[in-house]
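Enquirer: One structure, as structure tokens, below. Some questions next.
The values are calculated or read from the model by the stated rules, or taken from the named source; none is laboratory data. A quick note: this is a predicted structure, and the numbers were derived from the prediction, not measured. Because the Cβ atoms are built from the backbone with ideal geometry, glycine has one as well, and the counts that use them run over all protein chains shown.
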Amino acid sequence: MSILVTGGAGYIGSHTCIELLNAGHEIIVLDNYSNSKPESLQRVKEITGKDFTFYEVNLLDRDELEHVFAENQIEAVIHFAGLKAVGESVSIPLHYYHNNITGTLILCEIMKKYDVKNLVFSSSATVYGMPERVPISEDFPLSATNPYGRTKLMIEDILRDLYVADHDWSIALLRYFNPIGAHESGRIGEDPNGIPNNLMPFVTQVAVGKLKELQVFGSDYPTVDGSGVRDYIHVVDLALGHLKALEKVMSANGVEAYNLGTGTGYSVLEIVAAFEKASEVKVPYKIVDRRPGDVAICYADPVKAKNELGWVASRGIEDMCRDSWKWQKNNPNGYEA
Ligand SMILES: NC(=O)c1ccc[n+]([C@@H]2O[C@H](COP(=O)([O-])OP(=O)(O)OC[C@H]3O[C@@H](n4cnc5c(N)ncnc54)[C@H](O)[C@@H]3O)[C@@H](O)[C@H]2O)c1
Ligand SMILES: O=c1ccn([C@@H]2O[C@H](COP(=O)(O)OP(=O)(O)O[C@H]3O[C@H](CO)[C@@H](O)[C@H](O)[C@H]3O)[C@@H](O)[C@H]2O)c(=O)[nH]1
């Protein structure tokens, strides 16, 4: 029996494939490479010394997706595949709704047909919208402020409805906070297209000399130093959270949401300082206006994942900065030679 990993060539998916293989799972990976490259999976094989079956398939292609289920004995699905750029989702909303929502609907329909009802889904802290206070627990009100966030919220609703209609389903909705870092080998990591939108890849590209300086968005938030605070989590801790969620969905039916975060917030300026310390490289920055749509402070209450999944993040900010830097320094152009 195998675990199907959709979007397994991507940033979080590739790290999760490593941990699944290291734990002795058989995996089948599916991706259409719309936001990733075959090289990441080559490196997963190199790091683990293990092989697996790969399908270059778009989730929207029902017939091809069905082949994957017909040809394999799949017992659970970890579903990463989706588009994730907030700004892009505002420009091309129909593409986001179609890819993320229709893709998930087709996946669930085929899972149902083949009686595969164990699912771990990549949700996001974005489903909390503008939270009224911190730390954020899973019972906070849900809302979204952009099309990307709405796809996550709608998919969560769809999956909850699926369980209401059929109690044989077993679904974990994993709400990630801010994943950063990379595998300790420095061989795989985050490889954004174009100029990064997210903080850590921007910082590492400044440090490696690809970008001139960081813009710090806002200095007047009610935080320790006026810059925005987030719950950064090491991508390997996040990957390990998926293994715990997998154990959970294989052992009990239901639909449950879990925050995957550390429970600690760091400001932008604290991240810059921690990164400079870990890399011994100076990161020039300029303070500019707030970025529209940003919240001041966002961090998780991760106690539910601890109590129900037996998962806690163990890697600290130094590890995150060191591993992000190792990846960027060794691969200044990402997976491109
Ligand atoms: N990285 C984050 O900050 C973050 C935060 C919260 C949630 N998430 C969610 O986690 C998941 C993984 O994120 P990531 O950072 O690894 O992103 P990523 O873009 O690196 O990985 C997603 C993968 O899915 C593939 N894909 C997209 N649409 C597809 C389709 N229709 N068919 C087949 N493959 C498809 C892409 O090619 C890519 O390899 C996404 O669903 C994302 O929304 C990410
Ligand atoms: O060049 C930059 C980029 C970011 N920031 C700040 O850094 C923090 C983190 O920003 P970013 O890395 O863009 O993450 P978020 O805005 O928190 O959003 C991420 O985390 C959310 C919660 O998981 C997801 O919903 C989003 O998709 C994902 O992009 C925020 O205070 C930003 O204002 C800067 O100051 N300069």
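Enquirer: Scan the range 83-105 for residues that are closer than 20 Å to VAL29 by Cα and within 9 Å of ligand 1 (Cβ to nearest atom) and jot them down.
Expert: LEU83, LYS84, ASN99, ASN100, THR102, GLY103
Enquirer: Taking interchain pairs and intrachain pairs at least six residues apart, which have beta carbon atoms under 8 angstrom, with the first residue in the range 104-121 and within 14 Å of MET250 (Cα to Cα) and touching a residue at least 60 places away in the same chain (Cβ under 8 Å) and the second among the small types (Gly, Ala, Ser) and in a helix (DSSP H, G or I)?
Expert: So the pair list comes out as VAL120/ALA245.
Enquirer: Something else now. Which condition number does ASP231 fail, the rest of (1) surrounded by 23 or more Cβ atoms within 10 Å (Cβ to Cβ); (2) touching a helix residue (DSSP H, G or I) at 6+ places or on another chain (Cβ under 7 Å) being met?
Expert: Answer for ASP231: the failing condition is (2).
Enquirer: Suppose we keep only residues that are without any contact (Cβ under 8 Å) to a residue 40 or more places away in the chain and either part of a loop (DSSP other than H, G, I, E, B) or more than 14 Å from SER122 (Cα to Cα) (or both) within the range 157-191. Which one would you say is farthest from ligand 2 (Cβ to nearest atom)?
Expert: If we take residues in the range 157-191 being without any contact (Cβ under 8 Å) to a residue 40 or more places away in the chain and either part of a loop (DSSP other than H, G, I, E, B) or more than 14 Å from SER122 (Cα to Cα) (or both), then ALA165 is farthest from ligand 2 (Cβ to nearest atom).
Each row is one residue, and each column tells you yes or no for (1) away from ligand 1 (no atom under 16 Å from the Cβ); (2) aliphatic (A, V, I, L, M).
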position: GLU190; (1), (2): no, no
position: MET200; (1), (2): no, yes
position: ALA207; (1), (2): yes, yes
position: LYS210; (1), (2): yes, no
position: LEU214; (1), (2): yes, yes
position: PRO222; (1), (2): yes, no
position: ASP225; (1), (2): yes, no
position: HIS234; (1), (2): no, no
position: ASP237; (1), (2): no, no
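Enquirer: I would also like to ask the following. Which residues, counting only those in the range 17-62, are of a type in the set (Ser, Thr, Tyr), closer than 19 Å to LEU240 by Cβ and more than 13 Å from ligand 1 (Cβ to nearest atom)?
Expert: The answer is THR48, and nothing else.
Enquirer: Hey, could you check the range 243-298 for residues that are of a type in the set (A, V, I, L, M), away from ligand 2 (no atom under 16 Å from the Cβ) and assigned to a helix (DSSP H, G or I) and say which is farthest from HIS167 (Cα to Cα)?
Expert: So, considering only residues that are of a type in the set (A, V, I, L, M), away from ligand 2 (no atom under 16 Å from the Cβ) and assigned to a helix (DSSP H, G or I), the one farthest from HIS167 (Cα to Cα) is ALA278.
Enquirer: Please go through the range 197-242 and give me each residue that is under 30 Å from VAL255 (Cα atoms), in a helix (DSSP H, G or I) and of a type in the set (A, V, I, L, M), ordered by number.
Expert: Listed by number, the residues that qualify are VAL235, VAL236, LEU238, ALA239, LEU240.
Enquirer: Of everything in the range 39-68, what is among the basic types (Lys, Arg) and either buried (at least 18 other Cβ atoms within 10 Å of the Cβ) or more than 27 Å from LEU105 (Cβ to Cβ) (or both)? Give them in sequence order.
Expert: Result: ARG43, LYS45, LYS50.
This table checks each residue for (1) under 28 Å from PRO201 (Cα atoms); (2) touching a strand residue (DSSP E or B) at 6+ places or on another chain (Cβ under 7 Å); (3) surrounded by 16 or more Cβ atoms within 10 Å (Cβ to Cβ).
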site: VAL77; (1), (2), (3): no, yes, yes
site: HIS98; (1), (2), (3): yes, no, no
site: VAL127; (1), (2), (3): yes, yes, yes
site: TYR148; (1), (2), (3): yes, no, yes
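Enquirer: Return yes when VAL134 is among the hydrophobic types (A, V, I, L, M, F, W, C) and closer than 25 Å to VAL77 by Cα and no when it is not.
Expert: no
Enquirer: More than 27 Å from LYS248 (Cβ to Cβ), polar (S, T, N, Q), under 20 Å from the mean Cα position of the chain (by Cα) and modelled with pLDDT of 95 or more - does that describe any residue in the range 15-25?
Expert: no
Enquirer: Same structure, new question: When the range 24-38 is examined, which residues are found to be outside any loop (DSSP other than H, G, I, E, B) and surrounded by fewer than 19 Cβ atoms within 10 Å (Cβ to Cβ)?
Expert: The answer is PRO38, and nothing else.
Enquirer: Of the residues PHE217, PHE202, which is among the aromatic types (Phe, Trp, Tyr), free of Cβ contacts under 8 Å to residues at least 24 places away in the same chain and in contact with a strand residue (DSSP E or B) (Cβ under 7 Å, 6 or more places away or on another chain)?
Expert: Answer to the selection: PHE202.
Enquirer: Among the residues of the range 188-203, is there at least one that is outside the structural domain of CYS17 (by the TED database) and small (Gly, Ala, Ser)?
Expert: Taking every residue of the range 188-203 in turn, at least one turns out to be outside the structural domain of CYS17 (by the TED database) and small (Gly, Ala, Ser).
Enquirer: Considering only residues that are in a loop (DSSP other than H, G, I, E, B), aliphatic (A, V, I, L, M) and under 15 Å from LEU173 (Cβ atoms), which ones fall in the range 132-156?
Expert: Selection gives LEU142, ALA144.
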